[in-house]
Amino acid sequence: MKTLLFYDSVVVLNRDTHRDLHLKPQDNLRFAASTNCVPLALVEFGDVAREYPIVFARLPGGLVPVALLGLRDAENLYLNDEGKWDARYVPAFVRRYPFVAVQDNTAPDKLLVCMDEQFPGFNKEEGERLFDENGAETPFLKNALAFVQGYQNEAQRTAEFCREVEQLGLLNEMSAMAELKDGRKFRLDGLWVIDEAKLQSLSAAAAVDLFRRGWMGLVYAQLLSLGHLRVLLDRTAQRSGEAPAAPADDAAVAAAESGSVH
């Protein structure tokens, strides 16, 4: 999984180089069409769990919670033919585009504000200016960067949560497989989920610690979100013009929680 996903050409935002740049909002989110999962911040779990499966993926920087958007590589089942997002909640990773905060290779504790210069909304005539004539950030850019900073602030807490559930031994590797009526099969490997049996076997002290840190609710949000694997199966079938060979049922969802779906 590519860390920055649909960011194609990331450059540092510069008040001199980009002084005349405008951003014209786009009426679609096609840039995310080939993305089958996006990273999440903990603050999003409540909203995301209502519409998407939440699983964990291993990236070079460690374990990361992600919203699963499709069962096949390079397919986003929440994006329709017009490029509109087909869900009430759009993950923050998508909404912050085309801006992003990136770690400075020369100073690990420093973050650089960057942008994807390939974003088609960037131009020098239409839309919102990023900087004024004096090179100062416009209110539009300040709001956009505040959103990016807020997302980044959540990253540390999210990483801490991931380390904790891993250290407690709560994770199982999940293998998800879907089969359509015509026999085509789609398999997802390399993803992890919280195992409810392992959760229930925690010591009282560890369980209380999760609760006091506000993390027990997030754990159960992840578990409950796996019911949306059925939604992905149905969307895969609809996208392919087929019906599922065997619709996912409660047993299949239970299998997902224990580590595999067939």
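For this structure, a couple of remarks:
- In this simple spin-label model, placing a label point 7 Å from the Cα along the Cα-to-Cβ direction at both Leu202 and Phe147 gives a separation of 3.3 nm.
- Stokes-Einstein diffusion of region 18-87 at 37 °C, 0.692 mPa s viscosity, Kirkwood radius from Cα pairs, rounded to a whole number: 240 µm²/s.
- Basic side chains Lys and Arg get +1 at the Cβ, acidic Asp and Glu get -1 at the Cβ, and with that the dipole of region 102-194 about its Cα centre reaches some 420 debye.
- Over region 10-261, the alpha carbon radius of gyration divided by the compact-protein estimate 2.2 N^0.38 Å works out to 1.13.
- For Leu59, nonlocal amide neighbours, meaning residues 5 or more places apart or on other chains whose placed amide H falls under 5 Å from its own, are Val64.
- Candidate lysines for bridging to Lys124, where Cα separation is under 25 Å - those fewer than 8 sequence places away on the same chain excluded: Lys24, Lys142
- Lys/Arg +1, Asp/Glu -1 at C-beta; the chain dipole; positive extreme among Ala237, Thr106, Asn172: Asn172
- Sorting 35-45, 141-151 by average packing, meaning the other beta carbons within 10 Å per residue, from highest down gives 35-45, 141-151.
- Whether region 114-167 is rounded, prolate or oblate, judged on the alpha carbon gyration tensor where a/c under 1.5 counts as rounded: prolate
- A Förster radius of 35 Å combined with the Cβ-Cβ distance from Ser34 to Arg213 puts the calculated FRET efficiency at roughly 0.45.
- Summed side-chain charge close to Val10 - residues other than Val10 whose Cβ falls under 11 Å, Lys, Arg +1, Asp, Glu -1: -3
- Theoretical ellipticity at 222 nm over the chain - DSSP helices of four or more residues, -39500 (n - 2.57) apiece, nearest 500: -9500 deg cm²/dmol
Any read-out appearing in this document is the output of simple, stated calculations on the displayed coordinates, not a laboratory observation. No experiment lies behind these values; they were computed from the predicted model shown. Quick reminder, even Gly has a Cβ in these numbers, built from the backbone with ideal geometry, and neighbours come from all protein chains shown.
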